There are 2 protein chains.
Amino acid sequence: MRVPVGVSARHVHLAPEHVEALFGPGYSLTPIRELQPGQYAAKECVTVVGPRGVLQNVRVLGPPRGQTQVEISRTDSYLLGIDPPVRDSGDLSGTPGAVLVGPRGAINLEEGVILAWRHIHMPADVAERWGLKDRELVRVRTEGLRRVVFDRVLVRVSPAYRLEIHIDTDEANAAGLKNGDYVQVIIDD
Amino acid sequence: MRVPVGVSARHVHLAPEHVEALFGPGYSLTPIRELQPGQYAAKECVTVVGPRGVLQNVRVLGPPRGQTQVEISRTDSYLLGIDPPVRDSGDLSGTPGAVLVGPRGAINLEEGVILAWRHIHMPADVAERWGLKDRELVRVRTEGLRRVVFDRVLVRVSPAYRLEIHIDTDEANAAGLKNGDYVQVIIDD
């Protein structure tokens, strides 16, 4: 039950109206790399501004989605001077905001900044084979000098997913993990 | 078997000759906060320069010791552009260097930059009660949304120590830990 690692650096998902507000009327994102089937890293970057500091060159991910969401690490949050909670993607109620700045404009986001809840993108056939259901929590074991067991890793199941665990840069650095390393899912009997 | 957490931000231990090289002839460090009995954070800070970036206001810890040692996080190492290994304090052979800059001079450190191996400072009486020996490796369990088990945590025993686990900022941020939180030592039978 091995899963390849994808390290998520800080990034932004933009609502369609925010793509236009930041990059200009009628603008479309330019995909440069597929992350999961149908999901991509875009050529475009924005600047994220908090009360204490600034993150430059924050990658935009596409395609645009219903609500703008900024995913940063705890390390980043100290730099910005905001205190976002650990949340699953899309669960943005009550989260802090930030100012996003693009080449053609800026937006004052009221909410939408989170630390991403670590999760596994799991194809439906793998989930069935391993006896796991969508939104189940599992433990994951890593290898190496800094090995850890991550508890409460969220399983997200879809026929469209490619198998991959997404952790943020703090989690990767703490555990000595890099893109393409493998971890092991532990299922208690 | 609960242990309070001390989060180690990036810091520098200086050899006596480097205190003088950076702060001036005859200079003595000024203690501002005790960390462990006899060990302190000093008022003084230095700038650490790598091939790719710079860390400003890096705290000096005292008293001075035999060999200068720079302890940073993996996050910091990407910013500096160097690749230090995970090492126990003092084990500096073959580690990368950096340039240190103080108000009165700079030094070109040939080696001495490490990612600190996470460890527990354990008073001798606690170690005896818990059946642990100096340099033993244990596992440590944390609580909360981002709970983890840290494997291979080094136990360091001395009558002079105050009980505390030292983790770096990446490890603290990945596990959602702050100074004064508690973790649990796990000992396998």
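Which shape class applies to segment B:119-186: rounded if a/c is under 1.5, otherwise prolate when a/b exceeds b/c and oblate if not, where a ≥ b ≥ c are the square roots of the Cα gyration tensor eigenvalues? Judged from the Cα gyration tensor, segment B:119-186 comes out prolate (a/c at least 1.5, a/b above b/c).
Once the Cβ-Cβ distance of B:Asp83 and B:Ala106 is raised to the sixth power relative to R0 = 22 Å, the FRET efficiency obtained is 0.50.
Each other copy places its own label point for B:Pro25 at 7.2 nm from this one, sorted shortest first, where the point lies 7 Å along the Cα-to-beta carbon line.
How would you classify the protein assembly as shown from its alpha-carbon gyration tensor, with a ≥ b ≥ c the square roots of the eigenvalues: rounded for a/c under 1.5, else prolate if a/b is greater than b/c, otherwise oblate? Verdict is oblate for the protein assembly as shown.
Distance between the modelled labels on A:Ala9 and A:Glu128, one decimal in nanometres: 3.8 nm (7 Å Cα→Cβ projection). Under 13 Å from a label point 7 Å along Cα→Cβ of B:Ala160: give me every residue in segment B:31-68 with its amide N that close. What the label zone holds, given the 13 Å backbone N cut-off, is B:35-40, B:62-66. Taking amide hydrogens as placed 1.01 Å from N in the peptide plane, the amide H of A:Glu164 sits under 5 Å from those of A:His121, each at least 5 positions away in sequence or on another chain.
Here the sum of -39500 (n - 2.57) over DSSP H runs of 4 or more residues, divided by the residues of chain A, equals -4000 deg cm²/dmol at 222 nm, to the nearest 500. Interface of B with A. Using a 1.4 Å probe and counting protein heavy atoms only, the two chains hide about 2200 Å² of accessible surface, both sides summed. With all protein chains kept in place, the per residue accessible area of the protein assembly as shown amounts to 46 square angstrom at a probe of 1.4 angstrom. Sorted from shortest to longest, the distances between the B:Glu110 label points of this copy and the other copies are 6.2 nm, with each point 7 Å from Cα along the line through the beta carbon. Ignoring any ligand, DNA or RNA, what whole percent of the accessible area of the protein assembly as shown comes from carbon and sulfur when the probe is 1.4 angstrom? Accessible surface attributable to carbon and sulfur in the protein assembly as shown totals 49 percent. Solvent exposure of B:Ile82, expressed as accessible area, is near 30 Å², computed with a probe of 1.4 Å over the protein chains only. Normalised Debye scattering of segment B:9-116 at q = 0.22 Å⁻¹ gives log10 I(q)/I(0) of -1.23, counting only Cα atoms as equal scatterers and leaving out solvent. Working note: Cα gyration tensor of chain B, eigenvalues times five, square-rooted, sorted largest first, giving semi-axes of 30, 19, 14 Å. Projecting 7 Å from Cα along the Cα-to-Cβ direction, the label point of A:Ala124 sits 6.5 nm from its equivalents in the other copies, listed shortest first. Converting phi to 3J(HN,Hα) with the Karplus coefficients 6.51, -1.76 and 1.60 and the offset θ = phi - 60°, segment A:175-185 yields 9, x, 9, 10, 3, x, 5, 10, 10, 10, 7 Hz in sequence order, with x at every glycine or proline. The string of couplings for segment B:158-163 from the Karplus curve (6.51, -1.76, 1.60, θ = phi - 60°) is 7, x, 7, 7, 9, 4 Hz, one whole number per residue in order, with x for Gly and Pro.
The values are calculated or read from the model by the stated rules, or taken from the named source; none is laboratory data. Fair warning: this is a prediction, and the values are worked out from it, not measured in the lab. Quick reminder, even Gly has a Cβ in these numbers, built from the backbone with ideal geometry, and neighbours come from all protein chains shown. Note: areas computed on protein heavy atoms with side chains; ligands, DNA, RNA excluded. Shrake-Rupley method; radii C 1.70, N 1.55, O 1.52, S 1.80 Å.
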